[in-house]
Amino acid sequence: MEYQFTNHDFLKLLYVLPVFWITTVLGYRRLSPLRIALSTFLRTFVFLLVVLVLAGFSWKEKSKREISAVFLVDISDSVTQEGKEWMWDYVKDVEKNMDKNIKKGLVIFGGESKAITPTLMEDLKLDNIDEEFMRLDISTDRTDIAGGIMATLGVMPEDSSKMVILLSDGNQNLGNVLKAAKMAASNEVKIFVASPPVRKESEILIKKVNVPKETSEGEKFNIRVVVENRNDTAIKGNLKLHQEDNLLEEWDTEFKKGINVFDFPYKSEEKGFAKFNANLNIEDTSFDKDEENNSKVAFVNISGKTKLLYINGAENQKMYLPEALEDKTIAVDIKKPDQIPNTLQEYLKYDSLIFSNVSKDFLNDGQMNLIERYVKDFGGGFVMTCGTNITAEGGYSNTKIEEILPVKIIGGEPPKKEKKTRLSLVLIIDKSGSMLGKKMLFAKKASIELLKQLKKNDNFGIIAFDTIPYTIVELKPNEEVKKEIIRKLSMLNADGGTDIFPAMDAAYQQLTQKNSRVNHVILLSDGNTRSIFYQYNRLISRFQQANVTVSTIALGSWLVNTKLLKDIAKRTRGQFYQVTDIIKLPRLVVQDSDFFVSQSDFHEEHFYPRINQGSQILKGIYEKQFPPLKGYTITEAKEKAEIPLVTNIMGKTDPILANWRYGLGKVVIYASDANARWSSKWINWLKFNKFWSQVMRWSMRDISKADYDINVKADDNAVSILIESSLQVEDDTKLEVSLLTPDFVGDGQKLTLKQSAPKRFTSELKDINPGIYTLKISRIKGEKVVDLKTKGLIVPEKIFAKPLEYSSHGNNVSFLKNIAEITGGKYNPKKEEIVVEEIETTIAKDFAKYLIPLAIILFIFDIAARKFNRQMV
C-alpha cells in the first residue's frame, strides 16, 4: 500500500507544535502534572489528526475499470427482413457470451436514433424488449450511422472502458459518419462492426456517382462512377458519362466481379449547378435483374468568385473604377444601361451592384422594384456614383432607387445667401434666305416647345440674325415670355445674308447680365458666316471664361459648315447635332435643353472633401490625403444615414459619401463621379484603388456564419427536405426557410420546419415539381434577421421514382471497415474478439473519513479529563 499527501503545504503547521505545548502547560498550572501531560498528549494528537486531514493524507489502491458495451443496430429499410433477424440473433448471441460484469446497452437507428436502454445494465433481458424493438417509431427511409454513434457516446460512462458493436449494411446517406467515428476514437471507444450476409443475386448496378457537393469556379475535381457487379463472373457492357447533354466519356469494358471504379477529371468553368448523368448498358440482360439502378445523377454547386455588376452610364468616357476593383478574388461584369437585368435570379449572381452615373431613363419601375428587393430581402449591395446623369426632377426623385439610398436627391437652387436663377437659355435662329419654307416654320415650333419645358423662373430669350442680330424676345423669366412669344415669332421672316458672331455676342451680353447657375445657348444655322477668324477666337474665349455652353444644330446636309459648328460646341462644352429631316428639329432642341437643364441639379466648383465621421470605408485614409473634386450632385442626408465625407462649399453641409443598411443589404452613394469630369485628380490618387475597394467590400453581401447541408427525400406521397445546420439554433433564435421558384416570382413558399435534432430540421414540400429552386434560410432573433443564406436546391425527376434508401443493395464493406479501423475495432470479428483491454486504474482513498471521527473522540476525552480534575478539586 502506498501513502500520499495531496496538499503538502499544510504539513508546515507542525512547526507550531512547540508553541502549542508551551501555551497548554502555562494555561493549566492548577492541574496535576499527570493531568497536564494527558491533556497535552490528547490535544497534540487531535492537532496532528487535523493537520493530516488538511494535508490530504490518503492511500493509493489499484483497481480495474468497469467495461461498457453498447449494441448499435441498423433498422433502416436498406436492411432486408432476413438481415434484421440475423442482426437480432447476433445481438442475443454476443450478449449471452459476454462477461456478466460488463454493463450493456442497446441503441437502434434509422433516420434518427433511440436508446432502448437509457442506462447500462448487466443483463439486457432481450427477450422482454423484442416486440418493442420491432415496433419503434423511427423513420426507416434513411440511414444515419453518425447519429447512432453519437447516441452511444451519450449512454456510456466516461470513466469506463468503452466498446460499441455496430450492426449495419453500411449504406449511410445522412450525417458525417467519419467525423463521428473520429470523435468516438478520441473518447477511447472501440467500434466492432458486423454486417448481415448478402444473398447472391444476378445484378449489376451503378452504386454511386461521387462529386463534391460544392466547388469553386475554375477548380478541377474528379467525377467518380462506381459500378458494382454482384454476379459471380465478369460482365461486358458500356458506361457513359454526360454533363447535361454533352458526352464527357464512354467506357466499353468488361466489369469484373465486385466494385469497378471509373474516374473522369473535370474542370468547373461556369458558376451555377452542373448536372452529371451516368448510364450503364449490359449486353446480356440476364445478368441485370433490375435496370432501374443502371443510371445515376449527381449535382455540383459551382460557386464563382465574388462578383460585381458594373453599369456604366457615362458613355464615351474611360472607365477607371472596374480596373480599381478587379483582382484575384473579385470579378467585375461590365454592362451598358440598356443591359440592366430584368430578373431577380440575374441579380442574385452578384454580391453588389454599381451604378456609375446611370440615368433613370434606362430603368423601368419593374427593374427598380427588383433592385430594392435584391437589397432589402436578399442582402445584396448597391453602390451609386453620381455625375451629370443623376438628377432630381425627371430623375430618381420619389423612385424605389431613391428609397434605398441613404440620401434624397434634390434639385433646384443651391442654398447660398445670394440666390441664383436656375437657368438662362438663349435660342439663336438663323433668319437668312437659306431658312425659307419649312426650316423657319419648324424653328418657330422648336421655340414654343422649348418654352414649355422650362420652369416658371427660368430665363428664356430668342435672337434672330442675318448679317446683324435682332432681339426677338429679350432674355427674361419664362412666365413673361409666354405672354408675347406667339406674337413676336409671327413677325420673324427669312431673308438676307449670314453672320453668326454678332448674334452670339448679343447672346453673351444678355446672359452675363443674369445671375444664373447654368447659362446655355442653342444655335440653329447652316454655319456659313462672313466674320473674320480672329473675332471668333476672341468671342469663344469670353464664352469659356463666363462658363456659357453653346450647342449647335446644323440645318441641312448641303453647303453646311459643320467644321465651324462642331468647333463652337466642342470649345464651349456644348453638343453638336445635324438635322437632315427638319421635322425632327423641335424634338432635338428640347432634348438638348433637357440635358443642360439637368446641370442645375449639381454643383461644379473646385473643393476638398472633409471627413465628417469615422467609417470602415475610410480605414487607413486620412483627411489631408484626399485630392480635390470638381463637382457633385446635390443631395440631402436621410435620418440614420452615416455620412463619412462632406463638403461645405455651398454654404451648408452636403454629403459626398453616405452609407447605411437597408433591410438585409447595404447601400453607398458617392455624390461625385468616378470619371475624369469631376474626379480627374482622384483617378491618379495613390489611394484610389484602396478607397473604392473598401467601399465595395463594405457594400457586399454579408458572408453567412452558418452553412447548411440540404438533402431531398421522397416517397409515393410526399417530398421532404432535410436541412442540417453547421451551427446550433439558440433558444432565442428561430430558423425561417422560404422556397423560391426558378423565376423568383413573389415571396416564395414559407416552409414549416420540424426540428428532429439540435441542428437538424425537416419540412414537407407540397405540390413541388422537378427543377432548380433557391432556399432562403434566415436566422431571426427577436424581429431582426441576424444571418441570411441562400442555397440552391435541385429536385430531379428521378427522385420521385425511387427514394434514396432503396437505391442501395448489399453491404458497403469498405465503409464499415473504415469505421472499425479509425476506432481500433474490427470488421466481422469472432465473438471472442469482441473485447476491450481491461485497464488498471489507481484510486486515491482519503483517510479523512477515519481521522475526523477519531479527532472528535479524542477531543471529547480531553474535555472530560480536564472537567474531571476540577470536580475532584
Fill in: Estimated inter-spin distance, residue 821 and residue 226, nm [label 7 Å along Cα→Cβ]
1.4 nm
Discussion item. Using only Cα atoms and rounding to the nearest 10 degrees, what angle (0 to 90) does helix 177-186 make with the longest principal axis of the chain?
Written reply: 50 degrees
Discussion item. How large is the accessible surface of residue 8 in square angstrom, using a 1.4 angstrom probe and rounding to the nearest 10?
Written reply: 110 Å²
Practice prompt. Can you tell me the equivalent ellipsoid semi-axes for the range 73-132? Use √(5λ) from the Cα gyration tensor, largest first, whole Å.
Written response: 21, 14, 9
Worksheet item: Quick one: helix 17-27 against the long Cα principal axis of the chain, what's the angle to the nearest 10°, folded into 0 to 90?
Response: 70 degrees
Discussion item. Quick one: the Cα spread of the range 484-544 along its three principal axes, in angstroms, biggest first?
Written reply: 35, 32, 15
Worksheet item: Got a number for carbon plus sulfur as a percent of the chain's accessible area, 1.4 Å probe?
Response: 50 percent
Worksheet item: Once fully extended, how much extra length lies between residue 307 and residue 364, figured as 0.36 nm per residue of separation less the alpha-carbon to alpha-carbon distance?
Response: 18.1 nm
Worksheet item: Quick one: if the Förster radius is 41 Å, what FRET efficiency do residue 397 and residue 490 give, using the C-beta to C-beta distance and rounding to 0.05?
Response: 0.60
Response to the item:
Nearest 10, in degrees from 0 to 90: the angle of helix 585-597 to the longest Cα principal axis of the chain is 50 degrees
Worksheet, complete the sentence: The size of the Cβ-based charge dipole (Lys, Arg +1; Asp, Glu -1) of the chain about the Cα centre, to the nearest 20 debye, is 4800 debye
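Hey, can you rank 149-160, 80-91, 814-825 by average C-beta count inside 10 Å, highest first?
Values: 149-160: 17.6, 80-91: 15.4, 814-825: 19.4.
Packing order, densest peptide first, comes out as 814-825, 149-160, 80-91.
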Worksheet item: What share of Cα pairs, in percent, lie more than 18 angstrom apart in the range 346-404?
Response: 29 percent
Discussion item. For a quick size check, give me the Cα extents of the range 156-232 along its three principal axes, largest first, whole Å.
Written reply: 47, 43, 17
Worksheet entry | Derived scalar couplings ³J(HN,Hα) [the range 187-193; Karplus, 6.51 cos²θ - 1.76 cosθ + 1.60; whole Hz; x for Gly, Pro] | 9, 6, 10, 8, 10, 9, 10
Item to complete: Using a Förster distance of 25 angstrom, determine the FRET efficiency expected from the C-beta separation of residue 483 and residue 584, and round it to 0.05.
Response: 0.30
Worksheet item: Order of 451-463, 111-123, 665-677 by packing, highest average Cβ count within 10 Å first?
Response: 665-677, 451-463, 111-123
Response to the item:
Taking Cα pairs closer than 8 Å and at least 6 residues apart, the relative contact order of the range 204-303 in percent is 39 percent
Discussion item. Which residues among the range 69-83 fall inside the zone where the amide N is under 19 Å from a point 7 Å beyond the Cα of residue 259, along Cα→Cβ?
Written reply: 79
Worksheet item: What net charge do the residues around residue 833 carry, taking every other residue with its C-beta under 12 Å from that of residue 833, with Lys and Arg at +1 and Asp and Glu at -1?
Response: +3
Worksheet entry | For the range 45-96, diffusion coefficient by Stokes-Einstein and Kirkwood Rh (Cα), 25 °C, 0.890 mPa s, µm²/s | 151 µm²/s
Practice prompt. State the Kirkwood hydrodynamic radius of the range 304-350 in Å, one decimal place, computed from all pairs of distinct Cα atoms.
Written response: 11.6 Å
Practice prompt. Report the extension gain between residue 727 and residue 349 in nm, rounded to one decimal, defined as 0.36 nm multiplied by the number of residues separating them, less their alpha carbon distance.
Written response: 133.6 nm
Practice prompt. Keeping all protein chains in place, calculate the accessible area per residue for the chain (probe 1.4 angstrom), answer in Å².
Written response: 50 Å²
Response to the item:
Binned at 10 Å from zero, the C-alpha pair distances of the range 590-732 give percents of 9, 30, 24, 14, 10, 9, 3, 0
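Helix-only estimate, please: 222 nm mean residue ellipticity of the chain, summing -39500 (n - 2.57) across DSSP H runs of length 4 or more and dividing by its residues, to the nearest 500.
Calculated at 222 nm, the ellipticity per residue is -8500 deg cm²/dmol.
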Worksheet, complete the sentence: Over the range 445-514, the quotient of the Cα radius of gyration and 2.2 N^0.38 Å is 1.12
Response to the item:
the range 421-599, convex hull of Cα, quarter of hull surface, nm² -> 8.7 nm²
Discussion item. If I model a spin label at residue 623 and residue 847 as a point 7 Å from the Cα along the Cα→Cβ vector, what separation in nanometres do I get?
Written reply: 7.7 nm
Worksheet item: To the nearest 10 Å², what's residue 32's accessible area with a 1.4 Å probe?
Response: 50 Å²
Worksheet item: How much of the DSSP beta bridge set in the chain is antiparallel, as a percent to the nearest 5?
Response: 60 percent
Practice prompt. Output the Kirkwood hydrodynamic radius of the range 65-222, Cα pairs only, in Å rounded to one decimal.
Written response: 16.9 Å
Discussion item. Show log10 I(q)/I(0) for the range 204-303 at q = 0.16 Å⁻¹, two decimals, from a solvent-free Debye sum over equal Cα scatterers.
Written reply: -0.65
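Report, as a whole number in µm² per second, the diffusion coefficient that Stokes-Einstein gives for the chain at 37 °C and 0.692 mPa s using the Kirkwood radius over alpha carbon pairs. Show your work: numbers first, answer last.
On the way: Rh = 36.2 Å.
Estimated via Stokes-Einstein, D reaches 91 µm²/s.
The values are calculated or read from the model by the stated rules, or taken from the named source; none is laboratory data. The shown structure was predicted, so the numbers you read here are calculated from the model rather than taken from an experiment. Backbone-built Cβ (ideal geometry, glycine too); neighbour counts: all protein chains shown. These accessible areas exclude ligands, DNA and RNA; they are computed on the full protein's heavy atoms, side chains included. Shrake-Rupley method; radii C 1.70, N 1.55, O 1.52, S 1.80 Å.
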